[in-house]
Amino acid sequence: MENASKALLMAAGVLMALIVIGAFLLMLNGLSDYQNKSEVSKEQQQLTAFNNQFYTYDRADLRGTDMLSLMNRIIDYNNRKTAPGEGLEFTEMKIDVEIRNDNNGEDILSKLRYETDGNNLLIKKHNYTQDDLTEIVTKPQQIEARYQKKYIEKLVSDISKFMDIYNNSSLSYSEKVAEIDRNYWLPVSATNYDLEQMYEDILVYYEYTQFKRTYFDSKGNTQRDLNTGRIISMSFKATRIGD
């Protein structure tokens, strides 16, 4: 009788141990499922946050200033393609910007340039892809660094006055420099600059200011990577230049 009781106690102990182990395994599985779901949720949140910073530009009546902001975001993202954790699944983001006639049939590309100049120096063609965007973004930045932003903006706001001085054949080089200095357009004397370079820089920056005033519509064919879900391509069309 005593042996039978011991056997029952041992069986009960084994059963309790199995129950505890089973419960522990269930808890581990539940924790693992929770962690997996949490990771999936976190990745989904990161993907949504990533795409939303670009979807905000996927609309009509996008200002040129917004377009430049988008270009900077895309260039920055593509420059980080070798960043840790992104190399294996990275797909370069592309953007296509079309500069064509506006609704009135006027050529937006030609309207971006200054009236007395025959050729565009920054926005040079009707269609821009990722390979071209860096120039649109960096050239004006280089000009701002050369003259300081507030001075190049003043120069461009008085571009007709500058052109009158620059194109005045009755003035010598030194007289043109003196006239430019009298207008306080530059942080230092115009003798510190090359007038030919200044002329080109003003024309480039004028196009840049016109581009910032241009309106763009999304073409509505934004594409996402099938594997990662990230946006990889956007396209826009210029519609008009605003006031």
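Laid out as a table, the results:
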{"read-out": "Set Thr91, Thr82: member being in contact with a strand residue (DSSP E or B) (Cβ under 9 Å, 6 or more places away or on another chain), closer than 30 Å to Leu47 by Cβ and either assigned to a loop (DSSP other than H, G, I, E, B) or at pLDDT 95 or above (or both)", "value": "Thr91"}
{"read-out": "From Ile165, Ile202, residue being modelled with pLDDT of 95 or more, among the aliphatic types (A, V, I, L, M) and touching a Phe, Trp or Tyr at 6+ places or on another chain (Cβ under 7 Å)", "value": "Ile202"}
{"read-out": "Candidates Asp217, Asp201, Asp225 - the one that is crowded, with 18+ Cβ neighbours inside 10 Å, closer than 29 Å to Thr65 by Cβ and of a type in the set (Asp, Glu)", "value": "Asp201"}
{"read-out": "Of all residues in the range 43-65 being under 22 Å from Phe211 (Cβ atoms) and of a type in the set (Gly, Ala, Ser), the one that is surrounded by the fewest Cβ atoms within 10 Å (Cβ to Cβ)", "value": "Ala60"}
{"read-out": "Condition met for Ile136 (at pLDDT 80 or above, in contact with a helix residue (DSSP H, G or I) (Cβ under 9 Å, 6 or more places away or on another chain) and not in a loop (DSSP other than H, G, I, E, B))", "value": "yes"}
{"read-out": "Residue satisfying all of: in the range 94-123; at pLDDT 90 or above and among the acidic types (Asp, Glu); farthest from Phe162 (Cα to Cα) among these", "value": "Asp96"}
{"read-out": "Ala190 being surrounded by fewer than 17 Cβ atoms within 10 Å (Cβ to Cβ) and in the same structural domain as Asn119 (by TED's automatic domain parsing)", "value": "no"}
{"read-out": "Checklist (1) assigned to a helix (DSSP H, G or I); (2) modelled with pLDDT of 65 or more; (3) not hydrophobic (A, V, I, L, M, F, W, C) applied to Gly30, failing item", "value": "(2)"}
{"read-out": "Residue that is surrounded by the fewest Cβ atoms within 10 Å (Cβ to Cβ) [pool: residues in the range 136-172 that are aromatic (Phe, Trp, Tyr) and out of contact with any Asp or Glu (no Cβ under 8 Å at 6 or more places or on another chain)]", "value": "Tyr151"}
{"read-out": "Condition met for Glu207 (in a helix (DSSP H, G or I) and surrounded by fewer than 17 Cβ atoms within 10 Å (Cβ to Cβ))", "value": "no"}
{"read-out": "From Ser174, Ser235, residue being in a helix (DSSP H, G or I) and of a type in the set (Ser, Thr, Tyr)", "value": "Ser174"}
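The values are calculated or read from the model by the stated rules, or taken from the named source; none is laboratory data. These numbers were taken from a predicted model, which means no experiment stands behind them. So basically every Cβ, Gly included, is an ideal-geometry build from the backbone, and we count neighbours across all protein chains shown.
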